[in-house]
Structure formats: C-alpha cells, structure tokens
Amino acid sequence: MDVETVVLVIGANGQLGSVLTTTLKEKFGNDNVIASDLRKSKGFKGIFEVIDATDINRIEEVVLQYKVTQIYHLAAILSAKGEENPIQTWDINMKTLFNVLEVSRLNNIDKVFFPSSIAVFGEGAPLDDTPNNAYLDPATVYGISKAAGENWAQYYFLRYGLDVRSIRYPGVIGYQSLPGGGTTDYAVDVYHKAVLKKEFSCFLKEDTTLPMIFMDDVIRATLELMEAPKEQIKIRTSYNIAGISFSPAEVVAEIRKLYPDFEIKYNPDFRQEIASRWPKSIDDSAATNHWGWKPEFDLEAITIKMIEKLEEKYKTGSTNKEVLLF
Ligand code: SER
C-alpha cells in the first residue's frame, strides 16, 4: 500500500465514481480516499466531503485539509442530458475542470485523472476503428466540452508540467451503479429490464452499433493508466480504449440465451441522432502500445455477469435506486 497517496474523488456518487471510490479504498486504504459529490449518498461508508466542484475554494479547502496528492475528476453532465441546457452544461463541465486543473497546479498535486469519451468524435472521424488522432468535430455540448477539456489537460501538462492523464471511455456497463443522462445507457437499462422480466423500450434503433466496455475493464484501465510510469504516457490529450462493440439487437440476442421470453420495442428518439455520429469501433493500439491496455470482457461474458449480479441485487433489494436512468 502506498501510504503517501491521498486521493480525492470528485463525482463519487456517479456511475463510475461510486465503483472507482471502492476500488481506490482497497488500493490506498479507507483513510486515504476522500469521496466527494454534491450530497452524501445514503449508506456511504468512509470519508466524504460535500463539494460543489464549480466552487474552486471548496475544492482547495478539502485538498489542503487532507493533504490530497491525486484528484480523479469524474463529475460531468453527459451527452443526452447535456442537450437540455447546452450553455449550462458547458459552464458546469468546463468550470469544474478548470477548477480542478487550477487547484492541482497551485497545490502541486501529483496526478490528475480526467475522463474523456467517445463523444469527442463526430462526422469527421471514420466510424470503424476510429484512430486516436482522428479529427474531432463533436455534435453534442458534452462532446465539445470533453474535446476542449482534453486540450486543456494537455495544455496544463505542457505549460505547467501537471501530470494529467485521460481515457476516452466507451459506453460503460456495470451492475454496481446506474448511469444517468448518457446515450449509451440503454445498455445498462436493458439488463435491469430483463432481470425484472419487463419489456424494454429502446431509444436507439436495433442496428446502432456503439463501442461499450464492462465496468471491471474500465476500472482496471483507469488504474493501469494512473500507475504507468510517466514516460509511458505519450498522449496527453486522451487515450482511446476499446472494450467490445455491439448493437441493441445483438445484446438482446445474448440476453435471450438466458431469458428466452425477453421482449424489446424500438422507439428511437433524439439520442439516435447523437449515436449515429459516434464511432462503431475504436482503435486503441496507442493505449496497448504505451501502457499495455487489453480488455477482458466480451458481450457474452458481460451478459452472464450482469444478469447474475442483478438477479442477486434484486433478490436482496440492494439495487441503488437513488440514481435514476434518464
Ligand atoms: N456514456 C456517455 C454518454 O452516453 C459517453 O461518454 O453520454
């Protein structure tokens, strides 16, 4: 255990933050991980500080109080939700990032993690095996904020030597937490509906293939990137990582192996437009070559684990109902 490291997680209640906080506590010890979000979620155990990340003074106060050495900045408004109020989404996503970068620079934070997304890509990028250095012309305000954020991350590295590291996450699928406001989130909801034996209404068309990744792979990727020696991090905007690509029809076929009666209806809405501009598959060779990235979960393995874990959760009544699907 590295006793020197004290981690602050901003956005610890979210889909990723909640799982990452648990893993970081296992790695660095309960006393060395400070979870933070707008409010404390019920039943959270461990150190928690209320932080509104648009308030730079509050972030700095917590950093100084706990002698924080690493920040994981996971708070953001996602692609679909962000379209409801574009200017507010831009303000929140950028303000919180600037605050984290500035506090980190001014307080000599060792390492910062900033998640980016496949949402940075748009029509100018090839849809298949999208390369790391493809042209970025995102069409959602979330994507624009992530593309800008990547450039700011690189700027803070080049200008101030701040060790900011970033991954472009595909759609994240996990049983531990619920996502909120994303375009890829149908791929979590679909498993909940299957286990609850409900019909699923899908907001994407059946053949909409998107890059996805299982939570275990995401957490491992994030920690591997953060642990890699500094000289191996040669991309300071953000790294593509791939997991598995599939469409709603493919996930349903997989679910039906376990629940043959599972029903789905397709009711595409504005999220179809967003998805149609995103890559179908991702070239992650830079991440593989630079710091050894390799995904482990394919669609079959994801489906088996999602269903097993969700059945368990619904039986014991431990599903987190605090976060609602968009
Ligand atoms: N999962 C995210 C979304 O759909 C993409 O980063 O918004």
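Counting other C-beta atoms within 10 Å, and keeping those with at most 15, which DSSP coil chymotrypsin sites (Phe, Trp or Tyr not before Pro) do you find in the stretch 39-76? Qualifying residues, ordered by number: F44. Taking a quarter of the surface of the Cα convex hull of the chain gives a mean projected area of 15.2 nm².
Which angle from 0 to 90°, rounded to the nearest 10, does the C-alpha axis of helix 141-160 make with the longest principal axis of the chain? Between helix and principal axis, roughly 30 degrees.
If R₀ is 25 angstrom, what is the calculated FRET efficiency for the pair E4 and L223, using the beta carbon separation as r and rounding to 0.05? Efficiency at R0 = 25 Å is approximately 0.90.
Between the helical axis of 15-28 and the longest alpha-carbon principal axis of the chain there is an angle of about 50 degrees. In the chain, helical runs assigned H by DSSP with n ≥ 4 each contribute -39500 (n - 2.57); averaged across all residues and rounded to the nearest 500, the mean residue ellipticity at 222 nm is -13000 deg cm²/dmol.
In straight-distance terms, cross-link reach from K45 covers every one of the lysines whose alpha-carbon lies under 21 Å from its own, apart from those fewer than eight places away in the same chain; here that gives K25, K27, K67, K313, K321.
Label point 7 Å out from Y259 along Cα-to-Cβ: which residues of the stretch 288-307 have amide N under 15 Å? Those under the cut-off are 303-307. Looking at the stretch 21-120, the GluC sites (Glu not before Pro) that sit in a DSSP loop and have at most 14 other Cβ atoms within 10 Å of their own Cβ are E84. The separation of the stretch 220-253 from the stretch 89-140, counted between C-alpha centres, amounts to 14 Å. Using r as the Cβ-Cβ distance of Y160 and T54, and R0 as 25 Å, what FRET efficiency do you calculate, to the nearest 0.05? Efficiency, rounded to the nearest 0.05: 0.70. Entry note, the chain: relative contact order of 18 percent, from Cα contacts under 8 Å with a spacing of 6+ residues. With the charge dipole of the stretch 1-93 set up from +1 on Lys and Arg Cβ and -1 on Asp and Glu Cβ about the Cα centre, the Cα lying farthest toward the positive end among the listed residues T22, L8, Q70 is that of T22.
The charge dipole of the chain, taken about its Cα centre with unit charges on the Cβ of Lys, Arg, Asp and Glu (plus for the first two, minus for the last two), comes to roughly 540 debye. Among residues other than D298 whose Cβ falls under 14 Å from its Cβ, what is the net charge (Lys/Arg +1, Asp/Glu -1)? For residues surrounding D298, the net value is -3. Taking label points 7 Å from Cα along the Cα-to-Cβ direction, E26 and K230 give a separation of 2.9 nm.
Comparing A249, T303, H290 along the charge dipole axis of the stretch 225-326, the residue lying farthest to the positive side is H290, per the Cβ-charge model.
Set the Förster radius R0 to 30 Å, insert the Cβ-Cβ distance between K294 and Y314 as r into 1/(1 + (r/R0)^6), and round the FRET efficiency to 0.05. Plugging the Cβ-Cβ distance into 1/(1 + (r/R0)^6) gives 0.40.
The order of the peptides 235-242, 147-154 by mean Cβ neighbours within 10 Å, most packed first, is 235-242, 147-154.
The H on the amide N of M212, modeled in the peptide plane, is under 5 Å from the matching H of G171, G243, I244, S245, F246, each at least 5 residues off or on a different chain.
In a reduced charge model with +1 at each Lys and Arg Cβ and -1 at each Asp and Glu Cβ, the stretch 191-257 shows a dipole moment near 180 debye about its Cα centre.
Against the longest principal axis of the chain, how steep is helix 86-106, in degrees 0 to 90 to the nearest 10, with axes from Cα atoms? Taking the Cα atoms of the chain, the angle to 86-106 is about 40 degrees.
Farthest toward the positive end of the dipole of the chain, out of L204, Y239, Y175, is the Cα of Y175, where the dipole comes from beta carbon charges about the Cα centre. About its Cα centre, the dipole of the stretch 225-326 is roughly 260 debye, where the only charges are +1 on Lys and Arg Cβ and -1 on Asp and Glu Cβ.
A short reminder: the numbers here are calculations on the coordinates, not readings from a lab. Small disclaimer: the values here were computed from a predicted structure and weren't measured. We place every Cβ from the backbone using ideal geometry, glycine too, and count neighbours over all the protein chains shown.
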